[in-house]
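Each remark here refers to the structure printed beneath this line.
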């Protein structure tokens, strides 16, 4: 969940096109209501569609690579777009949801139940932001925008692994 200063937000058009495309996931960040939920859902669906086409032994490394790329490219993109918008964490910046959602799905089987569970768990932890996730928002610029969602994704991943281990989902 992004904290926005919507009343003082400026258009982010001054940011480079690559940064706007990455930060908004090609415009998903402009969907209303709940752009973060749309971004998480799109990420989970895309992972399910693409991941099922990968050999099983490539899935975990591919998910890790995707999460890492979203994080490493997302931080500078979020920084540039937030600066251009004049906001600390604009709602339309949703690359952080992609990064966190992929962390949550790293070791989940690609069945609909586990992907849905990973989506729900990530959204819950992203909204609640248990300690120390909330403190990550205090990091500067894009790091604070993206890394708190990565932290929420780690919590979701831990709970997902427990649910899988106990057989509650599979």
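Bear in mind these aren't lab numbers, they're just calculated from the coordinates by the rules spelled out. Keep in mind that what you see is a predicted model, and the values were worked out from it rather than measured. All Cβ positions, glycine included, derive from the backbone under ideal geometry; neighbour counts span all protein chains shown.
Between residue 53 and residue 18, the simple label model (points 7 Å from Cα in the Cβ direction) yields a spacing of 2.5 nm.
Counted over all Cα-Cα pairs of the stretch 108-164, pairs farther apart than 14 Å make up 52 percent.
Between the Cα long axis of helix 95-105 and the first principal axis of the chain there is an angle of about 10°, rounded to the nearest 10. Here is how the number arises for the chain: DSSP H runs of 4 or more residues each give -39500 (n - 2.57), the sum is divided by the residue count, and the result at 222 nm is -22000 deg cm²/dmol.
Distance between the C-alpha centres of the stretch 93-170 and the stretch 35-72: 12 Å, rounded to the whole angstrom.
Listed values [x] 18.8; [y] 15.7; [z] 21.6 include one computed from this model; for Kirkwood radius over Cα pairs in Å that value carries the label [y].
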